[in-house]
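Report on the structure given below.
The values are calculated or read from the model by the stated rules, or taken from the named source; none is laboratory data. What you see is a predicted model, and the numbers here were worked out from it, not measured in a lab. Cβ sites come from the backbone with ideal geometry, for glycine too, and all protein chains shown count toward neighbours. For accessibility, only protein heavy atoms count, side chains too; no ligands or nucleic acids. Shrake-Rupley method; radii C 1.70, N 1.55, O 1.52, S 1.80 Å.
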Amino acid sequence: MRDAGGWLREFQEAARARQDRGDPDWARGARLDPAVVRSLQRFQVGESGDGVRLNRAAERTGDRAYAAAVRLFVAEEQNHARLLARLLEAAGAPTITSHWTDRAFVALRRGLGLRLELAVLLIAETVALSYYRILRDGSGDALTRGVAARILDDEQRHVPFHRDRLRGSMPRPAWWLVRTAWQLLHATTAVVVAWDHGAALRVLGVGRREFVAEQVRLFSGFLTTLRAEHART
């Protein structure tokens, strides 16, 4: 577990490393299966939010270090959108302006307080862990693997960042109620993503059931860790 100051320093270090590293070699181009193109277009839309509501909610906590860390988190998500847009461009494919799954997530998060918004956001971040790992390991295109690896490095930081903000004391009956509702929403999301991106997942060597099973394992592990942290606080 880290406090807000620790997370702020980690995000700052990641930003400096990203600047020093620079962009991938877009000129090499990318060869993508049409199903993977459609999948990437949908994920690119989901990564392209402006983060205004989340930034405002973080500012309202009065924790300057946390608010600054959230701004850097949002910047990383926006950079993911930029990387995916450039990858699609390298493959000769356009971006899209909207998709129903992104609209559903935005509607679900709208009007929630910070803790509930983070709870919903963590579901998307957990899905991203599997998706970009599968894209990195399953793509036959070097540029795509490189972009997926960069994004996955960030996503592996995002989940514990949000988890640490959500840790805290919670009575056992309330925790089990929250856990059940959270797992149900996550499982529903995982099934929807597996169905919506099933063709791309097959191209990348993963079946729908395998994707959902991995998601269940990841999220169950996350909840176990969070519960253990609740017990220590």
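Descriptive notes on the structure:
- Once Rg and Dmax of the Cα atoms in Å is calculated for the structure shown, the corresponding label among (1) 17.7, 51; (2) 18.7, 58; (3) 17.6, 56 turns out to be (3).
- Net lengthening on full extension, Trp176/Glu10 (0.36 nm per residue, minus Cα-Cα): 56.6 nm
- Contour excess over end-to-end distance, with Cα ends at Ala149 and Ala65 and 0.36 nm allotted per residue: 27.5 nm
- The modelled label-to-label distance for the pair Leu166/Ala142, using points 7 Å beyond Cα in the direction of Cβ, is 3.9 nm.
- Where Trp182, Trp175, Trp195 fall by accessible area, highest first, once all protein chains stay in place (1.4 Å): Trp195, Trp182, Trp175
- Unit charges at the beta carbon, dipole of the chain: most positive-side option, Val191, Ala85, Gly46: Val191
- Region 1-105 shape via C-alpha gyration tensor axes, a/c threshold 1.5: oblate
- In order along region 181-194, the phi-based Karplus estimate (6.51 cos²θ - 1.76 cosθ + 1.60, θ = phi - 60°) of 3J(HN,Hα) comes to 5, 5, 4, 5, 5, 5, 4, 4, 5, 4, 5, 4, 5, 4 Hz; Gly and Pro are listed as x.
- In this calculation the C-beta distance from Gln78 to Glu210 is compared with R0 = 45 Å, giving a FRET efficiency of 0.90.
- The stretch between Asn55 and Thr95 holds 11.9 nm of extra length on full extension. This uses 0.36 nm per residue minus the Cα-Cα distance.
- Against the criterion of solvent-accessible heavy-atom surface with a 1.4 angstrom probe, Phe43, Phe11 sort, most first, into Phe43, Phe11.
- With a 1.4 Å probe rolled over the protein heavy atoms of all chains, the accessible area of Glu13, Glu47 falls in the order Glu13, Glu47, largest first.
- FRET E, pair Arg21, Arg202, Förster distance 30 Å, beta-carbon r, rounded to 0.05: 0.40
- Candidates Gly49, Gly138, Gly62, ranked by Gaussian network fluctuation over the chain, Cα under 10 Å, top entry: Gly62
- Sequence-distant residues sharing a close amide H with Ala30 (under 5 Å, placed H): Ala91
- Only Cα pairs under 8 Å and 6+ residues apart enter the sum, and on that basis the relative contact order of the chain stands at 24 percent.
- Across Leu32, Leu88, Leu185, mean-square fluctuation computed from a Gaussian network of the chain (C-alpha pairs under 10 Å connected) peaks at Leu185.
- Across region 21-34, computed HN-Hα scalar couplings (Karplus, 6.51 cos²θ - 1.76 cosθ + 1.60, θ = phi - 60°) run 6, x, 7, x, 7, 5, 5, 5, x, 9, 10, 10, 5, x Hz from first to last residue, x flagging Gly and Pro.
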